[in-house]
Amino acid sequence: MAQPTNSLEWIVYLAENYSNMFIQGTLLTLYISILGTILGFILGYVSGIIQDIQIRPADNPVKKLLLRIIKIIFTVYVELFRGTPMIVQAMIVYYGILQAGLHISAVAAGILVTVLNTGAYMAETVRAGINSVDIGQREGALAMGMSPMKTMLYVILPQVLRNILPEMGNTFLTNLKMTSVLNVIAVNELFMAAKTVGANYYKYFEAFLVIAIIYFVLCFIFGRLFKLLEKKLEGKKDYVLAVEYMDAQ
């Protein structure tokens, strides 16, 4: 194939000749962002629930002490990871673990950083979601004899999931793009692929334009999927309340 003579030809040339590298980078980006986001959501839910637990005067002193310690630990964790850039977190986590004498791959470190970062942001989202649920529902469940744990699992959290789903979608899309910072610890994700391809011919503009298109397509597709899921969870809009049905009879 003749040497490309303009930017458009270079874009096509790089996309065709380095398609395997771009595909592998895309798959690794998806792997890290999906796994990191899912585990981060779980961590965020745990953190949000713990922050919502009330310490009552009648509680056992040991229970009070443990709850306070756990709350402090999660509060410090959330503040640290919300107050520092993800690129710095990646460097500290990866090289810190290696300096401690433990072996960890760059990909594993990237997933760990994504999990911790997502968990910190989701913790505040979950806490706000819990507070958005009408307090009367919690009181009603407790009055019916449900334990606080069952009330949280069967009454509060399902509503929280629906309320914070848009934020969950935004967090995933953010993680999808933020995996690009993991190139600083040599994770061969999509950004690193473009950096490597661009260096071969000093065509960085064209190489990064290729991955810009890939990022846009991924975010567009997943954004639409999350919107469909939101509509699905909203339920039908033509339902009739039981009270209205009884009045009509």
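The values are calculated or read from the model by the stated rules, or taken from the named source; none is laboratory data. Quick caveat, the model's predicted, so the values are computed rather than measured. Counting neighbours? That spans all protein chains shown, and the Cβs are built from the backbone with ideal geometry, glycine included. Side chains included, ligands, DNA and RNA excluded: accessible areas come from the protein's heavy atoms. Shrake-Rupley method; radii C 1.70, N 1.55, O 1.52, S 1.80 Å.
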The chain accessible area per residue, 1.4 Å probe, protein heavy atoms, integer Å², reads 60
At what distance in angstrom do the alpha carbon centres of region 67-139 and region 1-66 lie from each other? 13
Sequence of Phe191, Phe41 when ordered by accessible area, the most exposed leading, probe 1.4 angstrom: Phe191, Phe41
Counting only other residues whose beta carbon sits under 15 Å from that of Val187, what net charge do I get with K and R as +1, D and E as -1? +1
From the residues Ala58, Ala15, Leu35, which one has its Cα farthest along the dipole of region 1-83 in the positive direction, the dipole being from +1 and -1 charges on Cβ of Lys/Arg and Asp/Glu about the Cα centre? Ala58
Connecting every pair of Cα atoms under 10 Å apart in the chain and solving the GNM, the largest mean-square fluctuation among Leu225, Leu30, Leu165 falls on Leu225
About the Cα centre, and with charges only on the beta carbon of Lys, Arg (+1) and Asp, Glu (-1), how big is the dipole of region 1-141? Nearest 20 debye, please. 680
Which is farthest toward the positive dipole end of the chain among Leu157, Phe208, Met168, measuring Cα position about the Cα centre, with Cβ charges +1 (Lys, Arg) and -1 (Asp, Glu)? Leu157
Expressed as a whole percentage, what fraction of the accessible surface of the chain belongs to carbon and sulfur atoms when a 1.4 Å probe is rolled over the protein heavy atoms? 66
Cross-link pairs Lys150/Lys227; Lys203/Lys227; Lys63/Lys150 - those with Cα-Cα distance over 26 Å: Lys150/Lys227; Lys203/Lys227
Roughly how many debye, to the nearest 20, is the charge dipole of the chain about its Cα centre, given +1 on each Lys and Arg Cβ, -1 on each Asp and Glu Cβ, and no other charges? 520
Count charges around Leu173 for me, please; just the other residues with Cβ under 15 Å from its Cβ, Lys/Arg as +1, Asp/Glu as -1. +1
Max mean-square fluctuation residue, GNM over the chain, Cα-Cα springs under 10 Å, options Ile32, Ile214, Ile53: Ile53
Asserting the computed 222 nm helical MRE of the chain (DSSP H runs at least 4 long, -39500 (n - 2.57) per run, divided by residue count, to nearest 500) equals -26000 deg cm²/dmol
For a quick check, take a GNM of the chain with Cα springs below 10 Å and name the residue from Met178, Met146, Met91 with the largest mean-square fluctuation. Met146
